[in-house]
Amino acid sequence: MEEVPLEAQRSQAAEAGGAEPAAETRITVDSPDAMQELGRRIAGLLRPGDLVLLTGELGAGKTTLTRGLGEGLGVRGAVTSPTFVIARVHPSLTGGPALVHVDAYRLGGGLEEMEDLDLDVSLPESVVVVEWGDGKVEELSDDRLHVVIARAVGHEEVLDDVREVSVRGIGARWTAGAGVGALAGALSE
């Protein structure tokens, strides 16, 4: 992984309900293995009750990142795309939080449509990761990580596996000094 002006900064993220404090870090990832390693690094920061939203086009690396999160959290079962089952729960093998992996791609509505998944019940004792969750699950938590994965622009044959990843911590948990520092430190190693 290569650092792209890697700075953690305090900023105000304009959201529908007003401005929420946010800390953002950007990094370039050059392979699927590096994306999985990024997931392992982020997992080291996560604790029960954390919500992680993943955004990116099809094939961007959302599930690969989640696979790394699962490895870092020490959960049971192969982390694969839950597109057709909507959600999978991976219990911890180490006494840590379970990983609840949700794919909201086929769900059109907001949180109301996702109520049947009982994410609000799972969240306090689990780490909940939602692919395609923008505009659907933000109400679950004031504190969340929003990871945006974009293909790098350039010569396709050279940059095919290269991704620009933005990790934005939203809410007091991530904008407090320790949260900002931990986020930047974990991604810059």
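The values are calculated or read from the model by the stated rules, or taken from the named source; none is laboratory data. As the structure is a prediction and not an experimental result, all values here were calculated from the model. Virtual Cβ from ideal backbone geometry, glycine too; neighbours counted across all protein chains shown. The protein model used for the area step is the full one, side chains on, heavy atoms only, and it has no ligands, DNA or RNA in it. Shrake-Rupley method; radii C 1.70, N 1.55, O 1.52, S 1.80 Å.
What is the local net charge at Gly77, summed over the other residues whose Cβ is closer than 14 Å to its Cβ (Lys, Arg +1; Asp, Glu -1)? All intermediate terms of the calculation are to be shown ahead of the outcome.
Values: positive: Arg67, Arg76, Arg88; negative: Glu71.
Neighbourhood net charge equals +2.
Lys and Arg at +1, Asp and Glu at -1: add these up for the other residues within a Cβ distance under 13 Å of Ser92 and post the number. Walk me through the numbers before you get to the answer.
Numbers: positive: Arg47, Arg76; negative: Glu71, Glu125.
With Lys, Arg at +1 and Asp, Glu at -1, the net is 0.
Grab the beta carbon distance between Asp30 and Leu58, set R0 = 25 Å, and tell me the FRET efficiency rounded to 0.05.
Values: r = 20 Å, r/R0 = 0.79.
Working from the Cβ atoms, E equals 0.80.
Gain in length, Glu139 to Thr94, computed as 0.36 nm per residue apart minus the alpha-carbon separation, to one decimal in nm? Intermediate results must be reported in sequence, preceding the final value.
Details: separation 45, 0.36 × 45 = 16.20 nm, distance 2.93 nm.
Net length gain for the segment: 13.3 nm.
What figure, in Å² to the nearest 10, do you get for the accessible area of His146 with a 1.4 Å probe and non-protein molecules left out?
Approximately 30 Å² of His146 is accessible to the 1.4 Å probe.
What list of ³J(HN,Hα) values in whole Hz, one per residue of the stretch 132-147 in order, does the Karplus curve 6.51 cos²θ - 1.76 cosθ + 1.60 (θ = phi - 60°) give from phi, with Gly and Pro shown as x?
Going residue by residue, I get 6, x, 3, x, 10, 10, 4, 5, 5, 7, 6, 10, 7, 9, 10, 9 Hz, with x marking Gly and Pro.
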